[in-house]
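Okay, so here's the structure we're looking at.
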Amino acid sequence: MQNWLSYLRKGHGKKLASLHAWNGWIVVILTLTGLLLFGGYWRGVLGEGRVWIRWIHIVVGIASLLPVVYYLLLAGKHWKQLKGKTMQRANVLIVLGLLAGWLLSGLLLWQFRAVGPAWSNASLLVHDLLTWIGLPYIIYHSITRTKWLKEPHRRTVKTGEPGEGVHPAAKPQAVYTRRAFIRTAVGAGLLITLGPSFLRFLGNTLSTGASEEELVSADANRLTPAPKPLPASLPPEGGGSRGTFRVYTVTPIPSFNNSNWSFTVDGLVDRKLYWNWEQFVQLGRKVQVSDFHCVTGWSVYSNTWEGIPLKELLKQAGVKSQAKTVKLYSGDGVYTDSLTLAQADMDDVMVAVLHDGKPIPNELGGPVRLVVPKMYAYKSVKWLNRIELIAGDYTGYWEERGYSKDAWLT
Ligand SMILES: Nc1nc2c(c(=O)[nH]1)N[C@H]1C(S)=C(S)[C@@H](COP(=O)(O)O)O[C@H]1N2
Ligand SMILES: [Mo]
């Protein structure tokens, strides 16, 4: 053991270099997979591939523990060599800190079920924040520190090289170092490309509901008459939701108007039900306050939803005895999910029409979305427009693609 350690320690210069290369690849893979997982756009494109990408991200993320441990165990020498080089020591600490922070928050996100929403929320915040700070930092450093830029003959751009119109005795003068130039260029590039998303992320994390106001005012749905909020809904009984919905969809975001929207309850029922919008807004509604949790780690707390309890619609339709499952269809034509009859009978499962006293905007699943507060939000089908009672089991969109059929929060 001792021999092995000292063997590893001896060649540590070379090993640190390969460690750097390893870290580089790990960062590249985690960045690419991480961005694919983060971007709402990729959800529909990737489909099942998303589950694989998630696994690659988790496995490579855990593998990043190896270089960190390696450095901590064996590279004490490197640390000593950096004595007096404050900037370089700071760099080592920053990179190790970033990796440790990503790893820890990543493990908690992976185990979202065991740790619960509060820890998942905190972990997602840390994971995202470290990415917004750490990624530009690492990109900047790896570009400005490549060997290529350190080669002396590439380092500076000079004027006054002997040549036409220059006195042969004139000394060449450095105008700017190539490194300084590239640094500035890379810095500016990163600022321009990542800056706006970072600001949006900050805005969404720090504010409450501001981005939802934007979504409400940009609502592309054109349905009249507007549903009139109940007194418990406006001002919202829950005091206004806290947190930000990330807009998720697996299709282009649909929008609706009076002529292309309708709502159907059919299948194994005594009476098939069908409403157009004018009829649907006449149905009696209730108000409830509940939290909303996504498996990817974000939550929106204290939502005041106003809508029709699902069990009321099922009662009106009359569920036949052969029926076992409530199949839920989205008006996007692709997304579906289901509840067992017992689950659909819970009082707080709601076919929601208003959120915090306002019509649900089309980006957030309006005019009508399902809300299942006791389950993860992939059950909360957006643009809900059909409920079918069926005899068999049913596996929903994300459940086909790796999400657990058991969506209970705990
Ligand atoms: N039609 C449809 N409904 C959907 C989804 C979707 O992609 N399409 N995503 C589900 C998931 S995983 C979550 S977390 C929530 C997100 O709701 P939001 O986009 O309003 O934040 O909607 C759920 N319902
Ligand atoms: Mo989700």
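Below, the figures for the structure above:
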item	result
Glu306, Glu363, ranked by accessible area, largest first (probe 1.4 Å)	Glu363, Glu306
Heavy-atom accessible area order for His141, His293, largest first, 1.4 Å probe	His141, His293
Area accessible to solvent at Arg271, 1.4 Å probe radius, in Å²	120
Trp132 - accessible surface, heavy atoms, 1.4 Å probe, Å² rounded to 10	40
Apportionment of accessible area to carbon and sulfur, the chain, percent (1.4 Å)	63
Accessible-area ranking of Leu107, Leu46, largest first, probe 1.4 Å	Leu107, Leu46
Potential extension, Lys85-Tyr137 segment - 0.36 nm per residue separation minus Cα distance	16.9 nm
Using a Förster distance of 25 Å, the FRET efficiency for Leu96-Arg242 (Cβ separation, nearest 0.05)	0.15
Neighbour-limited loop hits for chymotrypsin sites (Phe, Trp or Tyr not before Pro), segment 13-63 (at most 15 other Cβ within 10 Å; DSSP other than H, G, I, E, B)	Tyr41
Accessible area per residue, Å², the chain with all protein chains present, probe 1.4 Å	53
Unsatisfied cross-links (Cα-Cα over 21 Å) in the set Lys320/Lys405; Lys228/Lys315; Lys286/Lys382; Lys320/Lys382; Lys286/Lys405	Lys320/Lys405; Lys228/Lys315; Lys320/Lys382; Lys286/Lys405
Helical contribution to [θ] at 222 nm, DSSP H n ≥ 4, -39,500 (n - 2.57), averaged over the chain, rounded to 500	-15000 deg cm²/dmol
Whole-angstrom Cα spans of the chain along principal axes, big to small	98, 64, 34
The chain: relative contact order in percent, alpha carbon pairs under 8 Å with at least 6 residues between	14
Under the span-like rule (Cα at least 15 Å along the axis, Kyte-Doolittle mean at least -1.0), DSSP H helices of the chain	12-38, 49-63, 86-110, 112-144, 178-206
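The values are calculated or read from the model by the stated rules, or taken from the named source; none is laboratory data. Values in this document were obtained by computation on a predicted structure and should not be read as measured data. Here Cβ is always computed from backbone atoms with ideal geometry, including for glycine, and neighbour counts include all displayed protein chains. Ligands, DNA and RNA are excluded from the accessible area calculation, which covers all protein heavy atoms including side chains. Shrake-Rupley method; radii C 1.70, N 1.55, O 1.52, S 1.80 Å.
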